[in-house]
Amino acid sequence: MAAAAAASMEVRLPVARKRVAPGFPRGSGDRDLVAPGDTITTDPGYMRGHGTYLGDEKLVASVAGVVDRVNKLVCVKALKTRYYGEVGDIVVGRITEVQQKRWKVETNSRLDSVLLLSSMNLPGGELRRRSAEDELAMREYLQEGDLISAEVQAVFSDGAVSLHTRSLKYGKLGQGVLVQVSPSLVKRQKTHFHDLPCGASLILGNNGFIWIYPTLEQQKDEEAGGFVTRMEPVPLPDREIISRLRNCIVALVTQKLLLYDTSILYCYEASLPHQIKDLLKPEVMEEIVLETRQRLLELEG
């Protein structure tokens, strides 16, 4: 009897999703929400951009998203799409292939990104031309499955992205947790590396890959060159903080709230009265995200 009581489990049945009231303004302002088939404008003076097509002498949206007008060019930026790189973006990616003088990197884009051997720091940070010995030692630097942080150096005409890691803040990632979200939910900021006061750090990749890791002491090993990673066991309190942050990010994504350092920190503080495993319950998600949204509105207002 005691064994049966100990083996009890919680069962949840799916509930019908609430229908959102059709109260979004369309056709007014410079940033409108449109659905596929919506008419953007009937003015023949506008030029057709990405996410639009011409039909019956009017410009029509082909994807669901936000209308973006630049002079006479009209585009629709999709709300849910793969990552489209821009120069200067901070990304987190996974090495998928080692090729001649380059690595292929998965960055949640339509095409694999490229990290050239000449676009990275050598161990020790020495500045010299890459030799045949460096090419033979590429797998000692990065191999398949390794996670890296990098910056977008260039975007090619086909949409492929070229990366670089010419800074000690970029390079191979060690102990931590990777969370994948939609790139449209990551807010663009001046910096995407954040040390939170709760004891963990974040890399908010513009490509929707978020890396959560324990905050390290400020001991920069100049000889590492960004390729020596710490593999010591992470203490239990740090793992609990990382797990709580991960569940908070999942809650924010479920409620479609923008991800940046302030929103994640407010959500973390709102989640402290709850156990980590309970943060994945829908009613708890709704409660902590509602409190987070209210605090953000107070901060802005």
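Would you confirm, using the coordinates I've provided, whether Ala132 is on the phi < 0 side of the Ramachandran plot, among the hydrophobic types (A, V, I, L, M, F, W, C) and out of contact with any Gly (no Cβ under 7 Å at 6 or more places or on another chain)? Explain how you work it out, then say what you get.
Numbers: on the phi < 0 side of the Ramachandran plot: yes; among the hydrophobic types (A, V, I, L, M, F, W, C): yes; out of contact with any Gly (no Cβ under 7 Å at 6 or more places or on another chain): yes.
Answer is yes for this residue.
From the list Val186, Val250, which one is under 20 Å from the mean Cα position of the chain (by Cα), at pLDDT 90 or above and surrounded by 18 or more Cβ atoms within 10 Å (Cβ to Cβ)?
Details: Val250 fails: surrounded by 18 or more Cβ atoms within 10 Å (Cβ to Cβ).
None of the others qualify; the one that does is Val186.
May I ask you to say which residue of Ala160, Ala150 is small (Gly, Ala, Ser), at pLDDT 85 or above and under 21 Å from Gln189 (Cβ atoms)? Outline the logic, then answer.
Working: Ala160 fails: under 21 Å from Gln189 (Cβ atoms).
Matching residue, one of Ala160, Ala150: Ala150.
Does segment 95-112 contain at least one residue that is acidic (Asp, Glu), open to solvent by 90 Å² or more (accessible area, probe 1.4 Å) and without any contact (Cβ under 8 Å) to a residue 40 or more places away in the chain?
Taking every residue of segment 95-112 in turn, none turns out to be acidic (Asp, Glu), open to solvent by 90 Å² or more (accessible area, probe 1.4 Å) and without any contact (Cβ under 8 Å) to a residue 40 or more places away in the chain.
Can you name every residue in segment 215-247 that is in a loop (DSSP other than H, G, I, E, B), open to solvent by 40 Å² or more (accessible area, probe 1.4 Å) and either modelled with pLDDT of 75 or more or of a type in the set (A, V, I, L, M, F, W, C) (or both)?
Thr215, Leu216, Val228, Met231, Glu232, Pro233, Pro235 - these are the residues of segment 215-247 that are in a loop (DSSP other than H, G, I, E, B), open to solvent by 40 Å² or more (accessible area, probe 1.4 Å) and either modelled with pLDDT of 75 or more or of a type in the set (A, V, I, L, M, F, W, C) (or both).
Restricting attention to segment 253-298, which residues are within 29 Å of Met9 (Cβ to Cβ) and outside any helix (DSSP H, G or I)?
Gln255, Leu272, Pro273, His274, Gln275, Ile276, Lys281
Please count how many residues of segment 47-84 are more than 29 Å from the chain's Cα centre (by Cα), in a loop (DSSP other than H, G, I, E, B) and among the aromatic types (Phe, Trp, Tyr).
0
Residues checked against (1) open to solvent by less than 80 Å² (accessible area, probe 1.4 Å); (2) among the β-branched types (Val, Ile, Thr):
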site	(1), (2)
Thr254	yes, yes
Tyr260	yes, no
Tyr268	yes, no
Leu272	no, no
Leu279	yes, no
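What are the residue pairs meeting all of these: first residue in segment 36-59, first residue at negative phi, second residue among the polar types (S, T, N, Q) and surrounded by fewer than 15 Cβ atoms within 10 Å (Cβ to Cβ), Cβ atoms under 6 Å, and 6 or more apart or on different chains?
Going by the 6 Å Cβ cut-off, the qualifying pairs are Lys58/Thr39; Lys58/Thr42.
Taking the condition of being within 24 Å of Met231 (Cα to Cα) and open to solvent by 30 Å² or more (accessible area, probe 1.4 Å), how many residues in segment 122-150 meet it?
Filtering segment 122-150 for residues within 24 Å of Met231 (Cα to Cα) gives 122-125, 137-150.
Adding the requirement that they be open to solvent by 30 Å² or more (accessible area, probe 1.4 Å) leaves 123-125, 139-140, 143-145.
Matching residues across segment 122-150 total 8.
Okay, residues lined up against (1) part of a strand (DSSP E or B); (2) under 22 Å from Leu116 (Cα atoms); (3) free of Cβ contacts under 8 Å to residues at least 24 places away in the same chain:
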site	(1), (2), (3)
Glu144	no, yes, no
Ala154	yes, yes, no
Gly159	no, yes, no
His164	yes, yes, no
Gly174	no, yes, no
Val179	yes, no, no
Cys198	no, no, no
Asn207	no, yes, no
Ile210	yes, no, no
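The values are calculated or read from the model by the stated rules, or taken from the named source; none is laboratory data. In this text the structure is predicted, and so the values were computed from the model without any measurement. Here the Cβ is made from the backbone with ideal geometry for all residues, glycine too, and neighbour counts use every protein chain on show. Side chains are part of the model used for accessible areas, which takes the heavy atoms of the whole protein and leaves out ligands, DNA and RNA. Shrake-Rupley method; radii C 1.70, N 1.55, O 1.52, S 1.80 Å.
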